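Engineer: Pasting in a structure now, in structure tokens, and then I'll have a few things to ask.
Computed from the coordinates by the stated procedures, all read-outs in this text should not be read as laboratory data. Being a predicted model, the structure only gives us computed values, none of them experimental. Here the Cβ positions follow ideal geometry from the backbone for every residue, glycine too, while neighbour counts run over all protein chains shown.
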Amino acid sequence: MTSVNEAKQLNVDVVIFGGGIAGLWLLTRLRQAGFHTLLLETESLGAGQTRYSQGIIHGGTKYALTGKLTASSESIFTMPKIWRDCLEGKGQVDLSSVKILSEHQYMWSTPSLLSRLSGFFASRVVRGRMVAVNKNDRPAVFQNKKFKGKVYQLDEPVLDAGSVINALAGPNINNIMHIKNATGFSENNFTVEATNGESWNITAEKIILAAGKGNAGLLKQMGHVIPEMQLRPLQMVMVRGGLPEKLYAHCLGASANPRITITSHEDKQGTIVWYMGGQLAEEGIHRSKEEQIDKAKKELQSLMPWLNFTLMQWSTLNISRAEPKQKEGKRPATSFYYEDNNVITTWPTKLALAPNLADDVLKHLDKHQVTKSGYKDMPEFSHVEVSDLPWQEESRWM
Ligand SMILES: Cc1cc2nc3c(=O)[nH]c(=O)nc-3n(C[C@H](O)[C@H](O)[C@H](O)COP(=O)(O)OP(=O)(O)OC[C@H]3O[C@@H](n4cnc5c(N)ncnc54)[C@H](O)[C@@H]3O)c2cc1C
């Protein structure tokens, strides 16, 4: 007689830890390619950085501001086209159900910066990617007579991160298990305790770590010392109530990083929320919540003095970007994967770069002739939910 808690055995070609954008995009592509694949998630799908992302499918234009483009950073230029094909249902994954928040991003500059940026606007990188917008075609906030800067339109869509997670998870849900933990790693085997109390012995030819910040703990459990991870913390700001319209725009600052990046979302009641990152969020890690809100109010008031920001409701949230370690903690140029002894550690470094990461990992698996067992039914696993988006969580607004 078998005991209730006796571990069941499951053999797969590839197992993925983490159900953020990296894990879910990989799961989709690997299954399409014929790899029998299982994804393990400890919280809910998107629970890491993905649900906090602004959903911008960067084409890299804002990074061209440094004028230091490397060959690898150019991989990001192709991302908007790859995502647009997926959004139209004719790409490598089907994102036809995804909510497109905006077809374009805008970039605006204050008058004082315009002369310094003339070289940037004339550069090879920018030509064809960014067009100046006539006054009447600008977002309404920049049609005010008091606005003296310039507005450019970038060919970079903004997506609702929740609908991206749903679109990727839906067709793969039977291959995802909700777990409490994984233990007993030994070569290609380990044991997981599922949230429904089941215990599974898992054997996989390759183990992919796509657990964002969680990769560090998993690597340690497996006795790996490389690759090392870095965390880049942010204090993002949210504001709602009385906003004039939805806005998707970067304000150019004096450095490579935008002074502020605004995307727009809706809370549970359908009220517009501006979600703000950029330099405001990077420098905001040294401020208290109250100081950060005060800074954001002053920043918006100085950039849009014709609007009144005094009566709105504000909130901030702290979240770190998890990435491969770089010299001086710099921003990595592209997505990352590294294999050591059948364990492939990944960090997409951007939502937008998930397709690039999946391409690289697939090429790597093919090169190493990893088994493709083809389509196989999975047993019924402990079910995992999709995370709420931060602006929809009423408790954050208290
Ligand atoms: C505030 C913010 C805004 C951003 N905006 C943008 C943007 O506009 N555009 C863009 O391109 N990029 C953006 N990014 C970057 C982008 O969000 C991340 O690069 C991307 O979401 C990382 O995805 P991931 O799948 O690697 O990790 P995550 O999204 O962090 O997912 C990791 C998953 O692994 C799970 N997990 C953790 N530990 C374990 C474990 N031991 N076992 C199993 N599962 C585990 C977690 O619960 C989570 O679901 C932003 C990031 C932040 C923080």
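Engineer: Could you please give the count of residues in segment 375-396 that are among the hydrophobic types (A, V, I, L, M, F, W, C) and either surrounded by fewer than 16 Cβ atoms within 10 Å (Cβ to Cβ) or in a loop (DSSP other than H, G, I, E, B) (or both)?
Structural biologist: So the count comes out to 4.
Engineer: A further question on this structure: Could you please let me know if Gln269 is at positive phi and in a loop (DSSP other than H, G, I, E, B)?
Structural biologist: Here the answer is no, as Gln269 does not meet what is asked.
Engineer: When segment 338-364 is examined, which residues are found to be of a type in the set (Phe, Trp, Tyr) and either outside any strand (DSSP E or B) or buried (at least 23 other Cβ atoms within 10 Å of the Cβ) (or both)?
Structural biologist: Trp347
Engineer: Quick one: count up the residues across segment 295-332 that are under 20 Å from Leu26 (Cα atoms) and among the aliphatic types (A, V, I, L, M).
Structural biologist: 1
Engineer: For residues that are of a type in the set (Ser, Thr, Tyr) and surrounded by fewer than 24 Cβ atoms within 10 Å (Cβ to Cβ), scanning just segment 29-51, find the one that is nearest to Glu156 (Cα to Cα).
Structural biologist: Across segment 29-51, the extreme among qualifying residues is Ser44.
Engineer: In addition: Suppose we keep only residues that are more than 9 Å from the ligand (Cβ to nearest atom) and touching a Pro at 6+ places or on another chain (Cβ under 9 Å) within segment 211-240. Which one would you say is nearest to Ser288 (Cα to Cα)?
Structural biologist: Met238
Engineer: Those residues that are surrounded by 15 or more Cβ atoms within 10 Å (Cβ to Cβ), within 16 Å of the ligand (Cβ to nearest atom) and polar (S, T, N, Q), I need them from segment 181-198; list them, please.
Structural biologist: Matches in segment 181-198: Thr191, Thr195.
Engineer: Could you check segment 282-337 and list, in sequence order, the residues that are over 30 Å from Val361 (Cα atoms), touching a Lys or Arg at 6+ places or on another chain (Cβ under 6 Å) and in a strand (DSSP E or B)?
Structural biologist: Gln313, Ser315, Thr316
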